[in-house]
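What follows is calculated from the coordinates using simple rules that are stated; it is not laboratory data. Given the structure is predicted, the values throughout are model-derived calculations rather than measurements. Because the Cβ atoms are built from the backbone with ideal geometry, glycine has one as well, and the counts that use them run over all protein chains shown.
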């Protein structure tokens, strides 16, 4: 949502090409397949590096459209794996193949690619043995270890006990060393811990492996608790920089995400006490705060049983034909039912502590931490009884205070969107939420030296909240606030300084028009101020705004927006173009 500071003063009057350069298919598939076939001929020559760069140049074109690789993934991976599985392939060739393979994973994403990797029983010992021979500190072969860890994560979910693969009795000594032989489970567990301590990308892959391995029925009883104890002991004082292992924190968060509630509940209190005592929310490292928020919210979810709250607001049936054909979407106005009184439950004290920590993290200086906290607030709110959920919503609304930093407004808007899209705001709270969205859309201050997202991040998130209101609530709930929301969104779409905010406001306006159709002249205005037309700033100010102002319902709000916020704007370019736009708009009322 938020770009680099260097882009703050750019002139974005030029057309944004958007999808003008969008690709239709993976046209270089034959070239890529030939390059893979050629690896065995060049793996030990200087040409390998040139070919590797060429492969990267081809694949990086698909960063924005990685799904175009999907039809060819199986064929590409099959080529790679045939080289890796070949017992006659030199180790150097296998490492070169893993490097190529990593580029595909880098573009498409490991969560997608891992589903296409083979998971035959014979692969488990092969991958595990290869991993055990690797040096975790070798900086030249980390891509090989990264791919192997991901491959192992899909292989370890084989649907039968791993003890069948051992081939020896438990506790049997090794004939060579005399020490006890390690079972397959013990070997995989050691791999999880070893690579969780790494400082490279292997730590992320190890966390994913741990989340799949430790939740197995034949593993969780013996090793899940041991892993949590090891992680807690390892980070007994997280404030010391040398003791932080991000891979371990990521693994704890991943296991809490993928594990079953009944399996995690015995460890929840201890983990919450551990992470709370570390005061992670005040740590200077962003990743510590990020993983701390993830761990805390997933502990909170563990304390609350999964369910769909019967009291939450449900929009009911929707019909685009009714929306377009009726005035104010009369066909989409089902009566608003009061929440039932029998949906209450005892809330553990730990949940209140979790909510308090998440609300605190909504003010964090880093966007990723605020975003994770906002999702946590929404997820936990969906499992709370109505009274407690209402308190959470009120606590989020309190963030929109004049004395709060821009980061609090940004976090509040994201949390408001998460609560709204789940229908957790009661109809009376919808009005307060819309008012907060309107206030956030008006915040536009110069970015401070400390950064932290600034006003444009809050405005962008406010548009997301407005979009969420349209998705979750019907005309009956939004009718009292439709005019105010329409004016705020169209003013932002025409006059915001940032192209992403103008387009986000246009998209939110479109969603509201399409969902409930209560905005004045909604279809006509949307046709004028669509996603692409509001992109160039000059066009938005001097062409789109006068056309929208030709509808009397929008004339005065647009003029007021310019007078109140733009003619004294901190950016000279905005003041200048606002004066030109004001001249054009005042013609409508003269």
I want to make sure I understand the PRE zone here: with the label point 7 angstrom from the Cα of residue 164 toward its beta carbon, which residues in region 106-132 have backbone N atoms less than 19 Å away? 119-128
On a 0 to 90° scale, report how tilted helix 142-155 is relative to the longest principal axis of the chain, with both axes built from alpha carbons and the result rounded to the nearest 10. 90 degrees
Take the Cα radius of gyration of region 76-171 and divide it by 2.2 N^0.38 Å, with N its residue count; two decimals is plenty. 1.11
Extending each Cα 7 Å along its Cβ direction at residue 479 and residue 349, get the distance between those two points in nm, one decimal. 4.7 nm
Region 452-590, relative contact order [Cα under 8 Å, separation at least 6], %: 21 percent
With an 8 Å Cα cut-off and a minimum separation of 6 or more residues, compute the relative contact order for the chain in percent. 10 percent
Could you order the peptides 293-306, 572-585, 538-551, 131-144 from most to least packed, using the average number of other C-beta atoms within 10 Å per residue? 293-306, 538-551, 572-585, 131-144
Would you please give the FRET efficiency between residue 277 and residue 200, computed as 1/(1 + (r/R0)^6) with r the Cβ-Cβ distance and R0 = 22 Å, to the nearest 0.05? 0.15
Longest principal axis of the chain (C-alpha) makes with the long axis of helix 261-277 (C-alpha) an angle, in degrees to the nearest 10, of 80 degrees
Which whole-number percentage describes the relative contact order of region 393-491, with Cα contacts under 8 Å and a sequence gap of 6 or more? 35 percent
Could you sort the peptides 392-401, 483-492 by per-residue average Cβ neighbour count (10 Å cutoff), highest mean leading? 483-492, 392-401
If you take the beta carbon distance between residue 56 and residue 33 as r and set R0 to 22 Å, what does 1/(1 + (r/R0)^6) give as a FRET efficiency, to the nearest 0.05? 0.85
Taking only the Cα positions of region 455-571, the convex hull volume per residue in Å³ is 91 Å³
Distance from a point 7 Å along Cα→Cβ of residue 23 to each backbone N in region 44-65: keep the residues under 13 Å and list them by number. 55-65
Distance between the C-alpha centers of region 231-284 and region 541-569? Whole Å please. 51 Å
Stretchable slack from residue 92 to residue 307, in nm (0.36 nm times residue separation minus alpha-carbon distance): 72.2 nm
Taking the chain as the reference, fit the longest principal axis to its C-alpha atoms, fit the long axis of helix 406-421 to the helix C-alpha atoms, and give the angle between the two in degrees, 0 to 90, nearest 10. 90 degrees
Enclosed volume per residue, in Å³, of the convex hull spanned by Cα atoms of region 36-108: 72 Å³
Starting from the Cα of residue 532, step 7 Å along the direction of its Cβ; do the same at residue 190; then give the gap between the two resulting points in nm. 6.0 nm
Calculate the spin-label point distance for residue 70 paired with residue 241, positioning each point 7 Å from the Cα along the beta-carbon direction, and give it in nanometres. 4.3 nm
Out of every Cα-Cα pair in the chain, what percent are more than 34 Å apart? 54 percent
Nearest-0.05 FRET efficiency for residue 365 and residue 157, computed from C-beta distance (R0 35 Å): 0.35
How big is the gap, in Å, between the Cα center of region 53-128 and the Cα center of region 397-440? 44 Å
